[in-house]
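The values are calculated or read from the model by the stated rules, or taken from the named source; none is laboratory data. On a predicted model such as this, the values are computed, not experimentally measured, just so you know. All Cβ positions, glycine included, derive from the backbone under ideal geometry; neighbour counts span all protein chains shown. All accessible areas refer to the heavy atoms of the entire protein, side chains included, with ligands and DNA or RNA removed. Shrake-Rupley method; radii C 1.70, N 1.55, O 1.52, S 1.80 Å.
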Amino acid sequence: MRLILELALTHIAGRGRQTVVAILGVALGVGFSIAMAALMQGTEKDFIAQLVDTMPHVQITDERRTARRQPAEDLFSAAQFEGLRPKEDRRGILNPAAAFASLRSWVPGRMAQSLRTQGVVRYAGRDVGVAVIGIEPETEARVSSVAGDFVEGSFDSLRAGGNNIVVGDSLARRIGASTGTTIQVVAPTGQSRGFRIVGLFHTGNNARDEGETYVLLKSAQILSERPNAINDIRLRLDDPEAAPRVARQAEAELGYKAVPWQEANESLLEALVVRNVVMYTVVGAILLVAGFGIFNIISTITHEKARDIAILKSLGFTQGNMRRLFLIEGLALGMAGSLVGWLIGFLLCLALSQVDFKVSGAAIGREMTRLPLFWSPWHYAIASAFALISSGVAGYLPARQAARLNPVDIIRGAT
Amino acid sequence: MNLLIEADHLTRILPATVPITLVRDVSLTVGEHEFIAITGPSGSGKSSLLYLLGLLDRPTSGTLRIAGQDTSSLNDDALARLRLEMLGFVFQFHFLLPEFTVLENVKLPMRKAGRLSSTEMRGRAASLLEELGLAGHLDKRPDQLSGGQRQRVAVARALANDPSVVLADEPTGSLDSKSSEQVFQILQDLVKKRGKTVIAVTHDMDIAGRVDRRIHLVDGAVVSDERVTQPVA
């Protein structure tokens, strides 16, 4: 076996420039794959991190996954009813204090309750439909990312006496209001009240900056004529990955719909899967091309070394020996290419991580200045595995051909 | 006397649109200590017969026994093993591996056989080369040697695993007369001093006249098989 290895290495070494080209082909393939994988996974992680950061990890609302059974159905189990009109439920999470307390006992993380209702902001003859969210400033600040996005004031400013409101800066601009302005908020119940703007926030997400307003929970309850009601509990977990489990448990316990962030963003996460498929396809294609380079050089070697093959066979080397010889040559090139590729990949990542640029990331609510790169030994392993497989195949095909060569044909041809 | 090679009605037909018969119904036996020349005009199938006897090619029909073993039932790997241990080849062109030194070239078959230790292989290769007058050239590469020297390296390589039979295909075909003589002497010594059997294909009538036995082929068939002088004892 050592003999075969030595022969293989001698063959490769005998073709300096071509060997370098073949190795570089693989190396570039491996290097770019690594850099690309790092970038793709880095942006993905970054994206999810921001997603997780700006959203509640689990949101419990006063809805149910399936319609409630009607009293008539419960009373008369044998009969079937059709066309029943659902009894009007009192909207909101029932007995919120108890629900909140029971959640607090086991949920690993922080939570906040709120009453979310629709309203119209009216100022200077302009009407803008908004979400009016009644909150408790202390708990909200620990759950919501908006707390960190204030341009002026804060959630705590709501407490400063009277009817106060916090709005997004885009909304304020749109209606021409600013801090200190008193605006009218009209609720679906017909209630209308004046609120003084005490804070402006800028999340970078236009829908939120234009469409969300925060008031004290009490004010929201009065405005919507639902004393003591809440319809939204949001959880911020210590471990965002635990969200689905926590959501399931909360839903089982309370009976209300609890949505983990993964479910809320299913379509986005699916898009990421598609992105990964695209990436691996491209990476695979790059390495396939590198494989052709190896195929080329091994074929050339087998053609050039036909005499060697003949002589080795006449000396008593078997077909298997010959196959192994050229297979090893292919793998050796693949391996050398992988190693150089690791270096190239590493350097590329290093270079990319130094790139400085400005993108206003309005859609994700934050501004990027550095490319997010994710380093993983798996990228290196997968790229090399791909390279080795393709170089193995690229070596094997000509190797099989070479092994089948009849030494007589070559010896005859030479004489 | 033990029979090393027993050929029985060997025929080799090259499959083509018009099949070509390379070797036609050849039967012969070869014993120990024989120095045989296969002669004949160009295209008479001399080399083809040699390749058949050397297990490089398989006959279309007929049977071939090497040291009493029927080779027709053996697979390619078994034939390769038999070549490695029983047979040594010398071709018209030296066919040395250009990237390896003279010593490494001679060691190659021994390493493949894997019976000797590294130092034993080195010692054996060196002594073979010294006996063939190449003492000072062990670490040279083949392209640094003359044609005659290369051919002697090829002989040393053929002897590496101490085979019973050395098959030579026009061993002097590409050499000048002085080198030819040297190589011929070496082949003769293999028979006389080492007790090998040498079968050489040649159209050099000078050489053909000095061997023990001469097999003459025409159109792939044996037309004469005669002992020229007293067989070497």
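One residue stands out in segment A:12-24 among those that are at pLDDT below 85 and assigned to a helix (DSSP H, G or I): the one that is most open to solvent (accessible area, probe 1.4 Å), namely A:17. Scanning segment B:31-48 for residues that are under 11 Å from the mean Cα position of the chain (by Cα) and either within 14 Å of another protein chain (Cβ to nearest Cβ) or open to solvent by 10 Å² or more (accessible area, probe 1.4 Å) (or both) turns up just one, B:47.
Among the residues making up segment A:211-248, those that are open to solvent by 60 Å² or more (accessible area, probe 1.4 Å) and touching a residue at least 60 places away in the same chain (Cβ under 8 Å) are A:218, A:228, A:238, A:239.
Counting only residues that are touching a Phe, Trp or Tyr at 6+ places or on another chain (Cβ under 6 Å) and either under 13 Å from residue A:217 (Cα atoms) or not in a helix (DSSP H, G or I) (or both), segment A:134-150 holds 5 of them. With respect to being in contact with a Leu (Cβ under 9 Å, 6 or more places away or on another chain) and open to solvent by 40 Å² or more (accessible area, probe 1.4 Å), residue B:7 falls outside the description. Restricting the first member to segment B:199-226 and to residues that are in a helix (DSSP H, G or I), and the second to residues that are open to solvent by less than 50 Å² (accessible area, probe 1.4 Å), the beta-carbon pairs closer than 6 Å and six or more apart or on different chains are B:207/B:184; B:208/B:37; B:208/B:39; B:208/B:202.
For residue B:186, the conditions (1) among the hydrophobic types (A, V, I, L, M, F, W, C); (2) within 14 Å of chain A (Cβ to nearest Cβ); (3) touching a Leu at 6+ places or on another chain (Cβ under 7 Å) all hold with the exception of (2). Comparison of A:131, A:220 shows that the only residue that is outside any loop (DSSP other than H, G, I, E, B), touching a Lys or Arg at 6+ places or on another chain (Cβ under 7 Å) and in the same structural domain as residue A:101 (by TED's automatic domain parsing) is A:131. For segment A:200-210, the set of residues classified as surrounded by fewer than 22 Cβ atoms within 10 Å (Cβ to Cβ) and more than 24 Å from the chain's Cα centre (by Cα) consists of A:210 only. Filtering A:331, A:325 for residues that are part of a helix (DSSP H, G or I), away from chain B (no Cβ under 14 Å) and within 19 Å of residue A:394 (Cα to Cα) leaves a single hit, A:331. Of all residues in segment A:1-39, which are away from chain B (no Cβ under 14 Å) and more than 22 Å from residue A:337 (Cβ to Cβ)? Within segment A:1-39, none qualify.
Checked across segment B:67-78, the condition of being surrounded by fewer than 22 Cβ atoms within 10 Å (Cβ to Cβ), facing chain A (nearest Cβ under 10 Å), within 22 Å of residue A:320 (Cα to Cα) and in contact (Cβ under 8 Å) with a residue 24 or more places away in the chain holds for no residue. Among the conditions (1) over 12 Å from residue B:199 (Cβ atoms); (2) at the interface with chain A (Cβ under 10 Å from one of its Cβ atoms); (3) touching an Asp or Glu at 6+ places or on another chain (Cβ under 7 Å), the only one that residue B:51 does not satisfy is (1). Just to verify a result, which residue in segment A:286-320, among those that are closer than 30 Å to residue A:37 by Cα and open to solvent by less than 50 Å² (accessible area, probe 1.4 Å), is farthest from the other protein chains (Cβ to nearest Cβ)? Restricting to residues being closer than 30 Å to residue A:37 by Cα and open to solvent by less than 50 Å² (accessible area, probe 1.4 Å), the top hit is A:287.
When you scan segment B:134-149, how many residues do you find that are assigned to a loop (DSSP other than H, G, I, E, B) and either open to solvent by less than 40 Å² (accessible area, probe 1.4 Å) or over 12 Å from residue B:104 (Cβ atoms) (or both)? Number satisfying all stated conditions: 4.
Apart from one condition, residue A:201 fits all of (1) modelled with pLDDT under 90; (2) assigned by TED's automatic domain parsing to the domain that holds residue A:122; the exception is (1). With respect to residue A:194, determine if the residue is in contact with a strand residue (DSSP E or B) (Cβ under 7 Å, 6 or more places away or on another chain), assigned to a loop (DSSP other than H, G, I, E, B) and open to solvent by less than 60 Å² (accessible area, probe 1.4 Å). No; evaluated as a whole, the condition is false for this residue. Taken together, B:95, B:100 contain a single residue that is at positive phi, facing chain A (nearest Cβ under 9 Å), of a type outside the set (S, T, N, Q) and surrounded by 16 or more Cβ atoms within 10 Å (Cβ to Cβ), which is B:95. For residue A:343, the conditions (1) open to solvent by less than 70 Å² (accessible area, probe 1.4 Å); (2) modelled with pLDDT of 85 or more; (3) more than 25 Å from the chain's Cα centre (by Cα) all hold with the exception of (1).
As a summary of the residue check, residue B:106 satisfies the conditions (1) open to solvent by 40 Å² or more (accessible area, probe 1.4 Å); (2) more than 9 Å from chain A (Cβ to nearest Cβ); (3) not in a loop (DSSP other than H, G, I, E, B) except for the one numbered (1).
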